[in-house]
Amino acid sequence: MGILAIGDLHLSTSSNKPMDVFGADWENHPEKIRDGWNRVVENGDLVIVAGDISWAMHLDDAVYDLQWLAALNGTKLIIRGNHDFWWSSISKVRAALPPSIYALQNDSFTWQDTVICGTRGWICPGDEGFTDNGDEKIYLREVQRLRLSLDHAIKSGCRRVIAALHYPPFNRRNQQSAFTELLEEYKVDICLFGHIHDEGRDYIFQGLRNGVHYYFVAADGIGFSPVRLF
């Protein structure tokens with residue numbers, strides 16, 4: 001009855017989007033994920049999927065990737081990534097989800113004595129390309145969405161809190177951000193994230209900092225197999 005995590009599945013059942021153009025590690029990656037997943041995940045486990053689930057542009061097409069995901073072991077909790085363009089309103093997404101998959105947005109999900117909250121996130125101030133006009137607005141909106149989710153989570157009374165993000169909660173220099181300040185304010189135990197696929201993943205912070213344990217879970221960074229948190 002454990003909790004595991006993985007992100008960036010980048011499935012493309014209904015479209016021709018091979019991932020091996022991004023490197024040999026991605027060759028036949030759905031099979032790698034399926035085999036690694038079913039090897040380490042038991043049916044009583046929960047797997048948090050940290051965004052970028054499907055390359056589909058519309059929900060009707062993403063259903064095929066969601067059905068593929070549903071067939072894997074365990075219960076799945078998904079958040080939105082920056083490439084999940086198929087993710088429309090949360091009510092429509094939840095209505096389309098197969099059994100064993102739940103979606104998280106502006107609220108929280110309770111699993112035994114643990115509550116999971118989260119949001120997509122965004123690039124942080126100090127990152128290359130961050131602009132005060134475009135990115136700051138989205139960044140602040142995502143910070144507020146994380147707060148909404150955390151507020152919902154603390155009402156559960158659970159003793160353990162996990163925050164799931166798609167983007168890292170800090171910039172590439174691993175500096176503090178409004179995201180990390182929130183995680184510390186609400187005494188989050190674990191924060192997991194993905195998104196990074198280039199050489200930056202070798203320098204991203206992982207481990208314990210100011211009471212929060214950070215896990216990087218992008219699929220290609222963890223051998224295409226979910227990481228067990230508990």
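The residue list GLY44, GLY36 contains one member that is among the small types (Gly, Ala, Ser), in a loop (DSSP other than H, G, I, E, B) and farther than 18 Å from ARG80 by Cβ, which is GLY44. Scanning the range 49-68 for residues that are touching a Lys or Arg at 6+ places or on another chain (Cβ under 8 Å), closer than 21 Å to GLY121 by Cβ and not small (Gly, Ala, Ser) returns VAL49, TRP55.
For ARG94, indicate whether it is in contact (Cβ under 8 Å) with a residue 40 or more places away in the chain and either assigned to a loop (DSSP other than H, G, I, E, B) or over 20 Å from HIS197 (Cα atoms) (or both).
Here the answer is no, as ARG94 does not meet what is asked.
Of the strands (runs of 3 or more DSSP E) contained entirely in the range 127-230, those carrying at least 1 residues that are in contact (Cβ under 8 Å) with a residue 60 or more places away in the chain fall at 160-165, 190-193, 212-216.
Could you say which residue among ASP107, ASP84 is among the acidic types (Asp, Glu) and over 13 Å from GLY51 (Cα atoms)?
ASP107
Scan the range 188-223 for residues that are in contact with a Pro (Cβ under 7 Å, 6 or more places away or on another chain) and at negative phi and the total you get is 4. Count of the range 179-230 residues, restricted to those that are hydroxyl-bearing (Ser, Thr, Tyr), in contact with a helix residue (DSSP H, G or I) (Cβ under 7 Å, 6 or more places away or on another chain) and either buried (at least 22 other Cβ atoms within 10 Å of the Cβ) or within 28 Å of ARG39 (Cα to Cα) (or both), is 1. Of all residues in the range 185-204, those satisfying the criterion of being at pLDDT 95 or above and touching a strand residue (DSSP E or B) at 6+ places or on another chain (Cβ under 6 Å) are VAL188, ASP189, ILE190, CYS191, LEU192, PHE193, GLY194. Can we say LYS92 is among the basic types (Lys, Arg), within 20 Å of GLN105 (Cα to Cα) and in contact with a strand residue (DSSP E or B) (Cβ under 6 Å, 6 or more places away or on another chain)? No, not satisfied. Contact annotation: residue pairs with Cβ atoms under 7 Å, 6 or more positions apart or on different chains, pairing a residue in the range 60-80 that is basic (Lys, Arg) with a partner that is part of a helix (DSSP H, G or I) and at pLDDT 95 or above, are LYS76/LEU69. Considering TRP37, TRP68, TRP26, the condition of being of a type in the set (Phe, Trp, Tyr), farther than 18 Å from ALA164 by Cα and touching a strand residue (DSSP E or B) at 6+ places or on another chain (Cβ under 7 Å) is satisfied by TRP68 alone.
The values are calculated or read from the model by the stated rules, or taken from the named source; none is laboratory data. The structure displayed is predicted, hence computed values, not measured ones. Please note: Cβ atoms are built from the backbone with ideal geometry, for glycine as well, and neighbour counts cover all protein chains shown.
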